[in-house]
1. What are the residues in the stretch 87-129 that are out of contact with any Cys (no Cβ under 8 Å at 6 or more places or on another chain) and of a type in the set (A, V, I, L, M), if any?
2. Determine whether K113 is closer than 30 Å to A5 by Cβ, modelled with pLDDT under 95 and among the charged types (D, E, K, R).
3. Considering (1) surrounded by 16 or more Cβ atoms within 10 Å (Cβ to Cβ); (2) at pLDDT 90 or above, say which one K82 fails and leave the rest.
4. With the requirement that a residue be assigned to a helix (DSSP H, G or I) and either of a type in the set (F, W, Y) or touching a residue at least 60 places away in the same chain (Cβ under 8 Å) (or both), what does the stretch 168-180 give you?
5. Does the stretch 362-373 hold any residues that are loosely packed, with under 15 Cβ neighbours inside 10 Å and either at pLDDT 90 or above or closer than 26 Å to A111 by Cβ (or both), and which are they?
6. Taking the stretch 192-247 as the search range and keeping residues that are loosely packed, with under 15 Cβ neighbours inside 10 Å and of a type in the set (V, I, T), which one is nearest to V277 (Cα to Cα)?
7. Does the stretch 158-171 contain any residue that is among the aromatic types (F, W, Y), within 30 Å of K309 (Cβ to Cβ) and either out of contact with any Phe, Trp or Tyr (no Cβ under 8 Å at 6 or more places or on another chain) or modelled with pLDDT of 90 or more (or both)?
8. Pick out, from the stretch 204-269, the strands (runs of 3 or more DSSP E) lying fully within it that include 2 or more residues that are hydroxyl-bearing (S, T, Y) and assigned by TED's automatic domain parsing to the domain that holds Q168.
Amino acid sequence: MDASASLRQTVTHLFDAVRFADHANELEEAARKVEGDLETALNKTEALSEDLYNVLTSMKADHDPVLKGLSQQVQDFLSTAKDQAKTKLQKRAKEELAEYRDSALAEKDKALKSLEAFFASDPLPVVEEVTQAKLVEDIYEARSRCECEGRIRYEFGLAAQNSRLFHQPCRLSDYGYELKVPVRFSRGLLSKTRVAGFERLDQYVLEEAESSGGKLRAAFGKGENEAQIRLVTSGDQPDSFIGIDYSDKVLGVNVMNDQSLVAFVDTVAIRKAAADVASELSELAKKRVSLLRLSVDGEASVDGLRSRKVLDNVLEVMGPAYRSLVKAMMAETSTGRADDELTLEFLMTRLKILGDELSAAVSRTLGITIPAV
């Protein structure tokens, strides 16, 4: 993503995430204050009741039966009044807490959705991206994990049902491949010549796959005899590495380490099939549906409340590029900018939602001077 598109993502979705997260924190702080105020009020109620009980106890010590009776009546009334006061205090606090906490959860959800929208387009330089798909009860569970500059990592769930290969249990034969893997030798019936025994890789079901930078790790299985073929490639080039392992209930063999078997491996066809799977995983990585994990500086954050830290790290990485863009905007003399382009006016409008202190700090990072009011 270019710097201009990244800046637009930052000032829209990431600024929104910060705003919603800040509001959620404020609401949670208000909820904690309600809890503290309730405890204080209950303690005051108990203390006042105790003082009154002491007075009434001294009245009950009087020998006058009228005073004793009055004291007992007031004491009974006081006990009832105290219980009613505590019930009202607790009910009011419960209602306020529910309102604050429900509102905080709603703000957290909006912050998380804003972070999803922000990271969905990879607004930071990606150091490594790994895409995985695993077959679970005939459905592929897929996810994409990215590590970015700025010590930020995030993981998205992917819509495998919309994939060409991963919308159902995948057999490579369904896509025109005929792949045989030599896994054993046997003696011919009419001669003593050894004959290679093959497994039809294209008939196996793809159970799991992982790709990164064109490299592929995949496992294909056949349920009848619990056979599995594991495939590893370092790319789709003619000289790229290929690793093939076969195993079943009684046999385990590293095919590419057995020189007698290697001669029967069609490496060209296997590389082509592996490249197709890796390419489809790359396409699948674009079909993001939900943010599953987010960590900043090694600390997990999946509720959106660390949005300010995300913003700090984004500005640490992209600050110089953003400042260059802002400088160009400030030097722009033409008024004919397209509607979809960033403008200084748009940036300053978005900065206002961050609040005075954070807005001023981010403005300095971007090289924007906010005029005094």
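The values are calculated or read from the model by the stated rules, or taken from the named source; none is laboratory data. As the structure is a computational prediction, the values presented were derived from the model and not from experiment. Note: ideal-geometry Cβ built from the backbone for every residue, glycine included; neighbour counts use all protein chains shown.
1. Within the stretch 87-129, L89, A93, L97, A98, A104, L105, A106, A111, L112, L115, A117, A120 qualify.
2. On the way: closer than 30 Å to A5 by Cβ: yes; modelled with pLDDT under 95: yes; among the charged types (D, E, K, R): yes.
Answer is yes for this residue.
3. Exception for K82: condition (2).
4. Initially, the stretch 168-180 is screened for residues assigned to a helix (DSSP H, G or I), giving 172-175.
Matches in the stretch 168-180: L172, Y175.
5. Within the stretch 362-373, R364, I370 qualify.
6. V195
7. Initially, the stretch 158-171 is screened for residues among the aromatic types (F, W, Y), giving 166.
Now narrow it down to the ones that are within 30 Å of K309 (Cβ to Cβ): none.
The answer is no; no qualifying residue exists.
8. Numbers: elements: 205-212, 215-222, 227-233, 242-247, 252-254.
Qualifying strands (runs of 3 or more DSSP E): 205-212, 242-247.
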